[in-house]
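A short worksheet on the structure shown next.
Here, each number is a calculation from the coordinates, and none is a lab measurement. Quantities reported herein were computed from a predicted structural model and do not represent experimental measurements. Here the Cβ is made from the backbone with ideal geometry for all residues, glycine too, and neighbour counts use every protein chain on show.
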Amino acid sequence: MLNLYRELYDLTDGFFTPLVGNLLSDAGYDAKYSLEKKRELTAPPTWEEALEYHHPKLLIKKPALLDFGAAGKGYIIDIVGGLLEDNNIFEYCIDAGGDILYKNKTPMRIGLENPEDVVQVIGVYTLNNGALCGSAGNRRAWGKFNHIMNPKTLESATEIIAVWVNSERAMLADALTTCLFFVPSKILQEHYKFEYCLLRKDFSIEKSENFSDEFFS
C-alpha cells in the first residue's frame with residue numbers, strides 16, 4: 001500500500017498524500033468526529049520532509065498524523081479476496097461500504113448513487129470480475145468541508161461531486177477515486193489500467209470510453 005501511495009504522490013504532484021491527516025483533524029474530521037474546525041489550517045509537509053520509506057521500514061521524520069483512508073479500505077478488500085481464494089473460494093462479492101470486489105461468472109448490476117439524493121441512482125454499472133469503488137463528499141460533510149481535502153488549497157473538493165473507478169484491484173480503484181478529484185485522468189491512465197466516471201456539480205459526466213453507458217437523465 002505504501003508503494004502505491006508513493007507512486008501516486010509523485011504522479012499527482014502531492015495531491016494524493018497520507019500526510020493529510022492533520023489537515024482533516026484540524027478541519028474537524030478528527031478521532032471524535034467533532035466536525036468543528038479547531039484552528040487555522042496549514043498545508044501538510046511534503047513526503048520528503050516527513051517520511052522515508054524503504055520496504056518494509058517507514059521512518060516518520062517529524063510529527064505527523066497519517067491518514068490512509070484514500071486506499072486503506074481497498075487494501076483490506078483485496079486481502080479478504082486473497083484469503084477467500086487461498087481457501088478455494090473463487091466466486092464472491094465483498095462490499096465494504098460501496099467499495100466492491102466481485103468475482104463471478106454472472107455480471108452484477110450496481111447502482112451509481114446520486115450524491116444529492118441518496119435514494120436515487122444516476123446510472124447503473126455492470127461489473128464483471130474486478131473492483132468498483134466510488135467516492136463522494138456528501139456522506140462525510142460538515143460546514144464548508146468534506147473529507148476529500150485539497151492539501152494545497154486547504155479546501156474540500158467541490159467541482160467534482162462523485163467519482164467511480166473500475167479496476168482489477170480494489171486498492172487501486174479506491175486510491176484513484178481520490179486522485180481523480182484533483183488531477184486529469186490522462187496522467188493516471190498512462191500508468192494504470194482502469195475505467196472511470198466523474199460527476200461534476202452541474203451534473204455533467206466525464207467518463208472513459210468503456211465505462212457504463214447506462215445513465216439516467
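Laid out as a table, the results:
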item: Segment 100-126: number of residues that are surrounded by fewer than 19 Cβ atoms within 10 Å (Cβ to Cβ) and in contact (Cβ under 8 Å) with a residue 24 or more places away in the chain; result: 6
item: Per-region count, segment 1-48, residues assigned to a loop (DSSP other than H, G, I, E, B), of a type outside the set (A, V, I, L, M, F, W, C), surrounded by 14 or more Cβ atoms within 10 Å (Cβ to Cβ) and within 17 Å of the chain's Cα centre (by Cα); result: 4
item: So Trp164, is it without any contact (Cβ under 8 Å) to a residue 60 or more places away in the chain, of a type in the set (A, V, I, L, M, F, W, C) and either surrounded by 22 or more Cβ atoms within 10 Å (Cβ to Cβ) or farther than 25 Å from Ile77 by Cα (or both); result: yes
item: Hits in segment 75-116 - residues which are among the acidic types (Asp, Glu) and under 26 Å from Tyr5 (Cβ atoms); result: Asp78, Glu85, Asp86, Asp95, Asp99
item: Index of the failed condition, Met171 passing every other in (1) surrounded by fewer than 16 Cβ atoms within 10 Å (Cβ to Cβ); (2) closer than 29 Å to Asp30 by Cα; (3) touching a helix residue (DSSP H, G or I) at 6+ places or on another chain (Cβ under 7 Å); result: (1)
item: Residue in segment 148-161 that is in contact with a strand residue (DSSP E or B) (Cβ under 7 Å, 6 or more places away or on another chain) and among the basic types (Lys, Arg) present; result: no
item: Selected residue [more than 17 Å from the chain's Cα centre (by Cα) and of a type in the set (Gly, Ala, Ser)] from Ser185, Ser135, Ser167, Ser204; result: Ser204
item: Options Leu58, Leu101, Leu51, Leu2; residue that is in contact with a Cys (Cβ under 9 Å, 6 or more places away or on another chain) and farther than 18 Å from Met149 by Cα; result: Leu101
